[in-house]
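K.L.:
Once you've had a glance at the structure underneath, I'll fire off some questions.
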Amino acid sequence: MKERVYRITVPTPFPVGNVNMYVIEGDNLTLIDAGVKTEEAWQSFQQQLRELGYTPRDIDQVVITHHHPDHVGLIDYLSEEIPVIGHKKADRWVRQDETFFQQQQQFFAQFLVECGVDQSFIAQLPQLRRSLRYACRRPLAGTVQEGDSLPGLPHWKVIETPGHAQSHIVFYRETDGVMIGGDHLLLHISPNPMMEPPFVGETERPKPLLQYNDSLRKMLRYDIAYCMTGHGEDVTDVPALVEKRLRKQRERAEQVLEMIKQGPHTVFQVCQKLFPAVYRQEFMLTMSETIGQLDYLEANGAVKKRQTGDYYVYEAVEVSV
């Protein structure tokens, strides 16, 4: 059977706007990503699915690119008999494991102290879970990893692309170079590499911006005709977009380095200067971006950190990025 891919776009309550889902007709009917858990999104999804000649009962499986709420929420509206498949690192998020969330809060409480964050912000940590009301609460029925084929879709290969999320994967159809890219490659905005606690068995925190840059470069190994994205339009020139993103990354890092050349800074102090208008409202988002920039500079030998009491300060080394 010739596989056909259809885009379904539903609204979200998030600043990013609408989110894309994809229906693949193959030996089975596969839904790639599952929107956000709102009644408005559910009604929109059903209407567009009907226009394709299907109902939610016709879906054989759901595969998620990553665990963020705007990509998994409508799973809770679907039959529990429909298997949900994703990377193993998505499971603790989509099942909303309470033990994990307690560990997450402990991790961030310690991490933010080391970043020099005011205690008033650390007191807001329980609010980290607010967006999860838009997510599903369903364990994965199966997992896929680098090099696997999607169940029932042998031409679609899994590529691991951590960075925006530790669980992020994309799907590449080798026969014609089509990719379904989730939030890894977006045409008009650069995805935020989000800080997460270490996975089970990992002893060090992830460095999501370094991971994201590596995952971007990984795209250059593939002959990608076009990438269907999680938000917005398709990406038709992947190498050009990758180079643009990496260039912008270097420019932002140079900006941060100029700050640190003025004197030692904590992560929080850099965050306040980078995002003076929004760091209070988008605290974890801006802190994730800031620690990413500092990880980048440290990896490139442009800064070094030293501990001062409970927190670290970053100092410039006399080199450029």
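K.L.:
For the stretch 92-120, how many residues are within 15 Å of PRO197 (Cβ to Cβ) and out of contact with any strand residue (DSSP E or B) (no Cβ under 7 Å at 6 or more places or on another chain)?
P.N.:
19
K.L.:
Next question, about the same structure. Within the stretch 123-155, how many residues are of a type outside the set (Val, Ile, Thr) and within 12 Å of THR65 (Cβ to Cβ)? Explain how you work it out, then say what you get.
P.N.:
Restricting attention to the stretch 123-155, the residues satisfying the condition of being of a type outside the set (Val, Ile, Thr) are 123-142, 145-155.
When the remaining residues are screened for being within 12 Å of THR65 (Cβ to Cβ), the result is 150.
Looking only at that region, the number is 1.
K.L.:
Sticking with this one: Being out of contact with any strand residue (DSSP E or B) (no Cβ under 9 Å at 6 or more places or on another chain) and either more than 24 Å from LEU274 (Cβ to Cβ) or modelled with pLDDT under 95 (or both) narrows it down to one of GLU202, GLU174, GLU243, so name that one. First the steps, then the outcome.
P.N.:
Numbers: GLU174 fails: out of contact with any strand residue (DSSP E or B) (no Cβ under 9 Å at 6 or more places or on another chain); GLU243 fails: either more than 24 Å from LEU274 (Cβ to Cβ) or modelled with pLDDT under 95 (or both).
Only one candidate qualifies: GLU202.
K.L.:
If we only count strands (runs of 3 or more DSSP E) wholly inside the stretch 1-78, which ones have 3 or more residues that are of a type in the set (A, V, I, L, M, F, W, C)? Steps first, answer last, please.
P.N.:
On the way: elements: 4-10, 19-25, 29-32, 61-63.
Output list reads 4-10, 19-25, 29-32.
K.L.:
Considering only residues that are surrounded by fewer than 19 Cβ atoms within 10 Å (Cβ to Cβ) and within 21 Å of the chain's Cα centre (by Cα), which ones fall in the stretch 71-90?
P.N.:
Of everything in the stretch 71-90, those that are surrounded by fewer than 19 Cβ atoms within 10 Å (Cβ to Cβ) and within 21 Å of the chain's Cα centre (by Cα) turn out to be ASP76, LYS88.
K.L.:
Sticking with this one: Quick one: in the stretch 122-145, of everything that is part of a loop (DSSP other than H, G, I, E, B) and over 13 Å from VAL94 (Cα atoms), which residue is most open to solvent (accessible area, probe 1.4 Å)?
P.N.:
Start the filter on the stretch 122-145 by keeping residues that are part of a loop (DSSP other than H, G, I, E, B), which leaves 123-124, 135-141, 144-145.
Adding the requirement that they be over 13 Å from VAL94 (Cα atoms) leaves 123-124, 144-145.
On the way: ALA123: 78, GLN124: 72, VAL144: 11, GLN145: 105 Å².
Per the criteria, the residue is GLN145.
K.L.:
Give the residues of the stretch 178-225 that are touching an Asp or Glu at 6+ places or on another chain (Cβ under 7 Å), open to solvent by 40 Å² or more (accessible area, probe 1.4 Å) and not in a helix (DSSP H, G or I), sorted by residue number.
P.N.:
Hits for the stretch 178-225 are LEU187, ASN192, LYS207, ALA225.
K.L.:
Mind checking whether some residue in the stretch 46-69 is open to solvent by less than 20 Å² (accessible area, probe 1.4 Å), charged (D, E, K, R) and under 21 Å from ARG138 (Cα atoms)?
P.N.:
The initial filter retains those residues of the stretch 46-69 that are open to solvent by less than 20 Å² (accessible area, probe 1.4 Å), namely 49, 59, 61-67, 69.
Narrowing the set further to residues that are charged (D, E, K, R) leaves none.
No.
K.L.:
Report, by residue number, each residue of the stretch 274-314 that is crowded, with 16+ Cβ neighbours inside 10 Å and over 20 Å from the mean Cα position of the chain (by Cα). It would help to see each step written out before you state the result.
P.N.:
To start, the set of residues in the stretch 274-314 that are crowded, with 16+ Cβ neighbours inside 10 Å comprises 274-275, 279, 283-298, 300, 302-303, 305, 311-314.
Listed by number, the residues that qualify are LEU274, PHE275, LEU297, GLU298, ASN300, ALA302, VAL303, LYS305, TYR311, TYR312, VAL313, TYR314.
K.L.:
Of the residues in the stretch 21-44, how many are surrounded by fewer than 24 Cβ atoms within 10 Å (Cβ to Cβ), in contact with a helix residue (DSSP H, G or I) (Cβ under 6 Å, 6 or more places away or on another chain) and either among the aromatic types (Phe, Trp, Tyr) or free of Cβ contacts under 8 Å to residues at least 40 places away in the same chain (or both)?
P.N.:
2
K.L.:
All but one of (1) open to solvent by 50 Å² or more (accessible area, probe 1.4 Å); (2) on the phi > 0 side of the Ramachandran plot; (3) not charged (D, E, K, R) hold for GLY17; state the number of the condition that does not hold.
P.N.:
Among (1) open to solvent by 50 Å² or more (accessible area, probe 1.4 Å); (2) on the phi > 0 side of the Ramachandran plot; (3) not charged (D, E, K, R), GLY17 violates only (1).
K.L.:
Another one. Does any residue of the stretch 146-158 turn out to be touching an Asp or Glu at 6+ places or on another chain (Cβ under 8 Å) and part of a loop (DSSP other than H, G, I, E, B)?
P.N.:
Yes; the residues of the stretch 146-158 include at least one that is touching an Asp or Glu at 6+ places or on another chain (Cβ under 8 Å) and part of a loop (DSSP other than H, G, I, E, B).
K.L.:
Between residues in the stretch 254-272 that are farther than 11 Å from TYR312 by Cβ and residues that are open to solvent by 60 Å² or more (accessible area, probe 1.4 Å), which pairs lie under 8 Å by C-beta distance while being six or more apart or on different chains?
P.N.:
These pairs meet every condition: GLU254/SER320; LEU257/SER320; MET259/LYS273.
K.L.:
Could you check the stretch 226-253 and list, in sequence order, the residues that are open to solvent by 60 Å² or more (accessible area, probe 1.4 Å) and out of contact with any Phe, Trp or Tyr (no Cβ under 9 Å at 6 or more places or on another chain)? Quick ask: steps written out before the conclusion?
P.N.:
First pass over the stretch 226-253, keeping only residues open to solvent by 60 Å² or more (accessible area, probe 1.4 Å): 226, 233, 236-237, 239, 243-244, 247-248, 250-252.
Result: TYR226, GLU233, PRO239, GLU243, LYS244, ARG247, LYS248, GLU251.
K.L.:
Got a number for residues in the stretch 92-113 being surrounded by 19 or more Cβ atoms within 10 Å (Cβ to Cβ) and either hydroxyl-bearing (Ser, Thr, Tyr) or at pLDDT 95 or above (or both)? Talk me through it step by step, then tell me what you get.
P.N.:
At the first step, the residues of the stretch 92-113 found to be surrounded by 19 or more Cβ atoms within 10 Å (Cβ to Cβ) are 92-94, 108, 112.
From what is left, the residues that are either hydroxyl-bearing (Ser, Thr, Tyr) or at pLDDT 95 or above (or both) are 92-94.
Residues flagged as surrounded by 19 or more Cβ atoms within 10 Å (Cβ to Cβ) and either hydroxyl-bearing (Ser, Thr, Tyr) or at pLDDT 95 or above (or both) within the stretch 92-113 amount to 3.
The values are calculated or read from the model by the stated rules, or taken from the named source; none is laboratory data. Because the structure is a prediction, the values reported are computed rather than measured. Here Cβ is always computed from backbone atoms with ideal geometry, including for glycine, and neighbour counts include all displayed protein chains. All accessible areas refer to the heavy atoms of the entire protein, side chains included, with ligands and DNA or RNA removed. Shrake-Rupley method; radii C 1.70, N 1.55, O 1.52, S 1.80 Å.
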